[in-house]
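Right, one structure below, let's go through it.
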Amino acid sequence: MTDISTLQLAGDLLQRLFPICRSITGDGVRETLEVLRRQAVFEVYEVPSGTACFDWTVPDEWNIREAFIADANGNRLVDFRASNIHVMNYSIPVDAELSFEELAPHLHTLPDLPDAIPYRTTYYNRNWGFCLTQNQFDALDRCGRYHVRIDSDLKPGSLTFGEAFLEGTSGQEFLFSTYCCHPSLANDNLSGVVLWTLLLKQLSQRKTRHSYRFIIIPETIGALAYLSRNQELARKLAGGLVITTVAGPGRFGYKTTFQGNHLLDRLVRLTFKELGLEYIEYPFDVNGSDERQFSSPGFRIPVGTICKDKYYEYLYYHTSLDNLDFVRPENLVQTLQLYLLTIDKLEQNRTYRSLNPHGEPMLGKRGLYPKTGGSIKQRAADPTGQHDARSYQVSADHIIYGNELDAIRWLLFLSDGNTSLLEVAEKTSFPMQQLHDVACKLVEGGLLDVVF
Ligand code: ZN
């Protein structure tokens, strides 16, 4: 069931954070993290400009107050106040009178999407520019003169990131990462920022078996800064998920880890399968988000991504049309459920050993023979059998349980001390939650023992 307060909070955070002008450094990131820290507990760190991060260096810090292109009468034709992506992110300050010919090389449009403002950055090349719709561009007087002003700073400061560590007992640690460097763009990646926060908030309230490390960083340089400061820790990470593009109207997707059949890949596939939910599987690719850094040869952390309307794939990607009309808090919460259901499986994935391996044990004398033999829990909704990603409610209620006696028999049969619960689920198609519940009963009844 979707908890109303989570949905409300997702919507509130999207609204509150959307207008902030974020970048890879600067006060927009700090303000964003401060808002998130009212919802979930994490620490904030600053890495000074000039700090070496492997082959890269933390750049000067960028902040912007205003920017516009005005005509000779002072009318603002393009204004940062209307949309912060009108300014190429990391533009150096400028204040000049220019002809159209002088201005044009600094203007960026999308001719194929004439109502959209493109999102452009110039982090490592000192330059300035404006992004505008093709329609705005076409309306500019070719003979006019323009007042161009960008009131920005680019000077030594620091890069800001956030981190939380939730300690479990297993000694195994997994990473949840997201990036907070995009300005007013909703699916990529404000949705990821909000989901990261809600996931951290929920997991913080649980006692978990595994440890979970949450980081919120500017993309690429933030991942490099984090990894360079935490090399030993990073190499011990058993795997992770980069949370990005999770609230669009399109289909659910999963970008696999570079291994393709890592524990996390198998758990995510099982989550979709148990829900009967269609999704697109994207094989690992060297393009993408921070898995490019986490999975590089020096770290080789297997990292995947569960998404809804994956980056690169939707028309409005990196444009002003990726806005609050494009995403839905309901979509975000559905994707959150997929992350939580996958974590549930990760937590439940123990390996058991039968304590009565010689033939079948007598269940009745232990009170373990199911009283309601033969009943099968039917899928709760969607009588058409079609699972439209836009309307489908992701919920554990949609998972079909099998016959309990069969689940007991299979679990006892396969519990040889080497077969994980995930493997039992994959081999038998019993839902992991049911196998977990049955395993707990059998442990209590003295028929199974936990190996690890
Ligand atoms: Zn992006």
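Can you name every residue in the stretch 379-408 that is on the phi < 0 side of the Ramachandran plot and modelled with pLDDT under 50?
R379, A380, A381, P383, T384, Q386, H387, D388, A389, R390, S391
Only one residue in L203, L241, L195, L190 is surrounded by fewer than 22 Cβ atoms within 10 Å (Cβ to Cβ) and of a type in the set (A, V, I, L, M, F, W, C). Which one? Reasoning before the result, please.
Numbers: L241 fails: surrounded by fewer than 22 Cβ atoms within 10 Å (Cβ to Cβ); L195 fails: surrounded by fewer than 22 Cβ atoms within 10 Å (Cβ to Cβ); L190 fails: surrounded by fewer than 22 Cβ atoms within 10 Å (Cβ to Cβ).
Checking each option against the conditions leaves just L203.
Within the stretch 283-313, which residues are more than 13 Å from the ligand (Cβ to nearest atom) and not in a loop (DSSP other than H, G, I, E, B)?
Going residue by residue through the stretch 283-313, those that are more than 13 Å from the ligand (Cβ to nearest atom) are 283-286, 291, 293-304, 306, 308.
Once the filter is applied, which keeps residues that are more than 13 Å from the ligand (Cβ to nearest atom) and not in a loop (DSSP other than H, G, I, E, B), the stretch 283-313 yields E291, Q293, F294, V303, G304, I306, K308.
Between a first residue in the stretch 177-188 that is in the same structural domain as S91 (by TED's automatic domain parsing) and a second residue that is assigned to a helix (DSSP H, G or I), which pairs have beta carbons less than 7 Å apart while being 6 or more apart in sequence or on different chains?
Cβ pairs passing all conditions: none.
(1) within 16 Å of the ligand (Cβ to nearest atom); (2) modelled with pLDDT under 95: which one isn't true of I376, the others all being true?
(1)
What single numbered condition from (1) within 16 Å of the ligand (Cβ to nearest atom); (2) in contact with a strand residue (DSSP E or B) (Cβ under 8 Å, 6 or more places away or on another chain) fails to hold for R229?
(1)
How many residues are within 13 Å of the ligand (Cβ to nearest atom) and of a type in the set (G, A, S) if we restrict to the stretch 314-340?
Step one: filter the stretch 314-340 for residues within 13 Å of the ligand (Cβ to nearest atom), giving 314, 316-319, 322.
This time we only want the ones that are of a type in the set (G, A, S), so: none.
Going through the stretch 314-340 one residue at a time, the tally reaches 0.
Out of all the residues in the stretch 309-331, is one or more surrounded by fewer than 17 Cβ atoms within 10 Å (Cβ to Cβ), of a type in the set (D, E, K, R) and over 30 Å from I117 (Cα atoms)?
no
The values are calculated or read from the model by the stated rules, or taken from the named source; none is laboratory data. A quick note: this is a predicted structure, and the numbers were derived from the prediction, not measured. Here the Cβ is made from the backbone with ideal geometry for all residues, glycine too, and neighbour counts use every protein chain on show.
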